[in-house]
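Structure, as structure tokens:
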Amino acid sequence: MTLFDGTGGEYDARIVGVAGSQLVVELHGWLPRERESPLAVTLIQALQVGAKMDLTVQKAVELGVARIVPVVSQRSVVALAGERAARRVEHWRAIVLAACAQCGRNRVPEVALPERLDVWLARPVDGDIQRLVLSPRATCSLAMLPSPVLAQAGGRLELLVGAEGGLAPEEAQLAELAGFISVRLGPRVLRTETAGLAALAAIQFLWGDLKEETTDV
């Protein structure tokens, strides 16, 4: 079996015994394997209904996202706060761990506590980062964006995705003032659970680790 502690690298191991509910394993050495994208992507996802959010968290991890920030937007059907929010975050973190084990990632992406989108947008930007927000009314596509900064290892990107009804006009304006560039994903209007994942796949193909020179895609 393969073991990892979430901070990078992994261990080859063998099960040598069972003690009650615990496994006894024998480690066969640490391997400095890395499977992280050179592009650190933060997904700022407006809360979705029911299993949609679980699916988005799971697939975002498989697509290499480094951090997930759940936010409550004006059009979010779901609103989380207090103890209920903390329980949901623990649930999502368990999904993240399972997704890491499934796809072979050995660094565990962070899941932040939910907060209001307008509050999150009011925070100062931490260093040099590319900020994108999905909008069916945008005139710019992902492929039209300049890529020199993103193409370099250590590049950072934040992707903002609205809820089922999209962002309210005031939220879209706040996002623009916060430095987010509106981008579209083709001629069709995608559901929130489709839009973010499609954008993550395209971003990783354009600037991350799904590029032709690093994979067979």
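The values are calculated or read from the model by the stated rules, or taken from the named source; none is laboratory data. Model, not experiment: these values are computed from the prediction. Here the Cβ positions follow ideal geometry from the backbone for every residue, glycine too, while neighbour counts run over all protein chains shown.
Here's the yes/no breakdown for (1) surrounded by 19 or more Cβ atoms within 10 Å (Cβ to Cβ); (2) among the aromatic types (Phe, Trp, Tyr); (3) assigned by TED's automatic domain parsing to the domain that holds residue 195:
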site: 20; (1), (2), (3): no, no, no
site: 26; (1), (2), (3): no, no, no
site: 39; (1), (2), (3): yes, no, yes
site: 43; (1), (2), (3): yes, no, yes
site: 47; (1), (2), (3): yes, no, yes
site: 56; (1), (2), (3): yes, no, yes
site: 65; (1), (2), (3): yes, no, yes
site: 68; (1), (2), (3): yes, no, yes
site: 77; (1), (2), (3): no, no, yes
Can you find even one residue in segment 126-134 that is modelled with pLDDT under 95, in a loop (DSSP other than H, G, I, E, B) and either under 26 Å from residue 85 (Cα atoms) or touching a Leu at 6+ places or on another chain (Cβ under 6 Å) (or both)?
-> yes
Restricting segment 97-125 to residues that are farther than 30 Å from residue 10 by Cα and modelled with pLDDT under 90, the one surrounded by the fewest Cβ atoms within 10 Å (Cβ to Cβ) turns out to be 124
Is one or more of the residues making up segment 73-82 over 15 Å from the mean Cα position of the chain (by Cα) and of a type in the set (D, E, K, R)?
-> yes
Taking segment 157-180 as the search range and keeping residues that are of a type in the set (D, E, K, R) and under 12 Å from residue 117 (Cα atoms), which one is surrounded by the most Cβ atoms within 10 Å (Cβ to Cβ)?
-> 171
Within segment 58-68, can one find any residue that is assigned to a loop (DSSP other than H, G, I, E, B), at pLDDT 85 or above and closer than 29 Å to residue 170 by Cβ?
-> yes
Only residues in segment 134-147 that are closer than 15 Å to residue 180 by Cα count as the first member; pair them with residues that are in a loop (DSSP other than H, G, I, E, B), Cβ under 7 angstrom, at least 6 apart or cross-chain, and list the lot.
-> 134/185; 136/189
Sort out which residues of segment 181-192 are buried (at least 18 other Cβ atoms within 10 Å of the Cβ) and either within 18 Å of residue 76 (Cβ to Cβ) or of a type in the set (Asp, Glu) (or both), and write them in order of number.
-> 192
